[in-house]
Amino acid sequence: MTDVTTGQIAGAESAAPTSRRVALKRVLGPAHVWGLGVGIVLVGEFMGWNFAVGKGGAIAALTACWLAGILYTCVAMIDSEVTSTVAAAGGQYAQAKHIIGPLAAFNVGLYLVMAYTMLEVSNAIVTGDLIEAFVHNMGFVGDLDKRAFMALTIVFLSFLNYRGVLATLTLNYVITAIAFAAILVLFVAVKPWAPGETLKHSDLLTGLPYGGLGILAAMHFGLWYYLGIEGTTQAAEEVRSPARSLPLGTMTGMMTLLIAATLTWYVCSGLMPWEYLGQAVTPLYDAARLTGSGPLELLLFVGTLFATLASANGCINDASRAWFAMGRDRYMPVWFGAVHPRYHTPYRSIVFFVPIAILFAVSTPLDQTITLSILSGLLGYTIMALGVIIFRRKWPLGSISRGYVHPLHPLPAALLLLLCSVTYLAVFLGYGTQLLAMMAFYIAASAWFVLHRYKYCRRGDQFTMPWPRPKGY
Amino acid sequence: MILAMNLCAWAAAAVLALWMLWDMLKTNRAYSEAYLTSSAEGEIIDAEVGETAARR
């Protein structure tokens, strides 16, 4: 194990005196950050985005794709600036704690945990469905128990995360690259330079079946192309050079996703009618099957599987670190703030979410888990936009060292707030009950925090960044 | 074949879950709670030190 205070390495495992401390391990570089961010998100190209087609047609889904791309570019820019200065395991939770205050931080921590856990659950559901579809396509007879593979996905990836961050995120980098390559190969295979030969956009694109309202409704699932890119910040305490690696990894990840999202839409909308595409579970895999090419079908099976595994892997990493950070600050029981002395991972937080994720995976429909994740993410982005405005006001440029400064402030924050508002309306149109239920949950949780939990927090220990007093204080 | 796949998946999940549970309980008993929860936000372990420690 590694002793932080003395720099000595202890060879034998034994109970250590309280003067020595344990910590997460800084081993990651920009490629790992890219792998973490894109790895969490790329699954959104393999499943889920197409529900936007069901909401408003293929053109509406493309419009939502690009509007969501603007939203997430703002998120990536804002996130990169704030994270380059607040390099802590809780990511946006730690940022909100320093910039806004404890109640905002508590809520952001919950948003992060809910968003990533539900995304992990969605990935497990798709893995089960994918394996079932593949097995049936191969001609095997019998009923595959999807729940077994959902549980195995969650447990196996939690095990990897338990054992260490470097191997986990190196694996993520590799399988994410393979999944992205699969999208590129499929794009080339359908010969986009020869319209009508494989892709039938002229026959399949039907305009806007629900008019302009369909574009609004499609924004709900348009976020699924990119949701999770802000997860790169959760690894801040494990990155060798946060000020450089996090902005670089996050922004290059966003560029990768913009390309992948557009290619995905183009391929799928040229092969499947919107009525089918709007409810398919694995649209890219289905697109590969429609080409009639066995190797392509196998490649997209592997790509979809890798994308779901990479995403679930990253989500377990991020959700556990957010919960761990809240436990360390006593916003949640301090028991969750433990670090494994040998593996340097937040092991208790990782194990805690395994049964919760499995329960949701075996009992909740995919569109519901996606919506829960999107809603929690939206709430986090809203706080993020407000947070960067406060951040620039309290600590103007030049007052603290920033590894990255995002341009055109406050335009990205204003755009982000506007697009979040539009998406709230979109979610309300389709899942109004769920939206209201989640709001009620977070309000109740906030009341619990204010009235009960906050008295356990060590208020003097909240602020850990070496910043000067805020302007005006 | 499908039955075997189902059983293998459940068995593998159970084994890994039980291993994590066992290791968690073992670690909880082997170290003091104060040490396990002693990490501080933003604290650094030099990467080379951390990698060397993992190999020993």
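The values are calculated or read from the model by the stated rules, or taken from the named source; none is laboratory data. Not measured: the values here are computed from a predicted model. Reconstructed Cβ throughout: ideal geometry from the backbone, glycine too, with neighbour counts over all protein chains shown. Quick note on the areas: whole protein, heavy atoms, side chains included, nothing else; ligands and nucleic acids left out. Shrake-Rupley method; radii C 1.70, N 1.55, O 1.52, S 1.80 Å.
Some notes on this structure:
- Qualifying residue in the range A:99-121 (condition: in contact with a Lys or Arg (Cβ under 6 Å, 6 or more places away or on another chain), in a helix (DSSP H, G or I) and closer than 24 Å to A:Ile350 by Cβ): yes
- Neighbours by Cβ (under 9 Å, 6+ apart or cross-chain): first from the range A:385-399, more than 17 Å from A:Tyr473 (Cα to Cα) and touching a residue at least 40 places away in the same chain (Cβ under 8 Å); second part of a helix (DSSP H, G or I) and open to solvent by 40 Å² or more (accessible area, probe 1.4 Å): A:Ala385/A:Ala414; A:Ala385/A:Leu415; A:Ala385/A:Leu417; A:Leu386/A:Leu417
To keep it simple, each residue is scored yes or no on (1) buried (at least 24 other Cβ atoms within 10 Å of the Cβ); (2) of a type in the set (S, T, N, Q).
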site: A:Thr63; (1), (2): no, yes
site: A:Ala68; (1), (2): yes, no
site: A:Lys97; (1), (2): yes, no
site: A:Leu103; (1), (2): no, no
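- Residue list for the range A:248-274, restricted to those being of a type outside the set (A, V, I, L, M), open to solvent by 10 Å² or more (accessible area, probe 1.4 Å) and under 16 Å from the mean Cα position of the chain (by Cα): A:Thr252, A:Thr256
- A:Thr433 meets each of the listed conditions (1) crowded, with 16+ Cβ neighbours inside 10 Å; (2) over 16 Å from A:Leu379 (Cβ atoms) apart from (1).
- Filtered residues of the range A:387-430 (kept if surrounded by fewer than 20 Cβ atoms within 10 Å (Cβ to Cβ), on the phi < 0 side of the Ramachandran plot, of a type outside the set (A, V, I, L, M, F, W, C) and in a loop (DSSP other than H, G, I, E, B)): A:Pro396, A:Ser399, A:Ser401, A:Arg402, A:Gly403, A:Tyr404, A:Pro407, A:His409, A:Pro410
- Hey, A:Cys457 open to solvent by less than 20 Å² (accessible area, probe 1.4 Å) and at pLDDT below 85 or not: yes
- Restricting A:Leu305, A:Leu359, A:Leu309 to those that are more than 19 Å from the chain's Cα centre (by Cα) and either assigned to a helix (DSSP H, G or I) or within 12 Å of chain B (Cβ to nearest Cβ) (or both) reduces the list to A:Leu359.
- Condition met for A:Leu372 (within 30 Å of A:Val281 (Cβ to Cβ) and either at pLDDT 90 or above or under 19 Å from the mean Cα position of the chain (by Cα) (or both)): yes
- Test: residue in the range A:436-449 that is open to solvent by 60 Å² or more (accessible area, probe 1.4 Å) and at positive phi: no
- Of the residues in the range A:149-159, at least one is open to solvent by less than 40 Å² (accessible area, probe 1.4 Å), modelled with pLDDT of 90 or more, over 21 Å from the mean Cα position of the chain (by Cα) and closer than 22 Å to A:Gly48 by Cα.
- Residue among A:Leu169, A:Leu216 that is within 14 Å of another protein chain (Cβ to nearest Cβ) and either assigned to a helix (DSSP H, G or I) or under 25 Å from A:Phe353 (Cβ atoms) (or both): A:Leu169
- Residue that is farthest from A:Leu378 (Cα to Cα), among those in the range A:460-473 that are surrounded by 12 or more Cβ atoms within 10 Å (Cβ to Cβ) and in contact with a His (Cβ under 9 Å, 6 or more places away or on another chain): A:Trp467
- Residue match in the range A:173-190 (condition: open to solvent by less than 10 Å² (accessible area, probe 1.4 Å), modelled with pLDDT under 90 and either under 19 Å from the mean Cα position of the chain (by Cα) or among the hydroxyl-bearing types (Ser, Thr, Tyr) (or both)): yes
- Among the criteria (1) within 12 Å of chain B (Cβ to nearest Cβ); (2) among the aliphatic types (A, V, I, L, M); (3) part of a helix (DSSP H, G or I), the one A:Val339 does not fulfil is (3).
- Filter result for A:Ile356 (open to solvent by less than 50 Å² (accessible area, probe 1.4 Å), of a type in the set (A, V, I, L, M, F, W, C) and touching a helix residue (DSSP H, G or I) at 6+ places or on another chain (Cβ under 9 Å)): no
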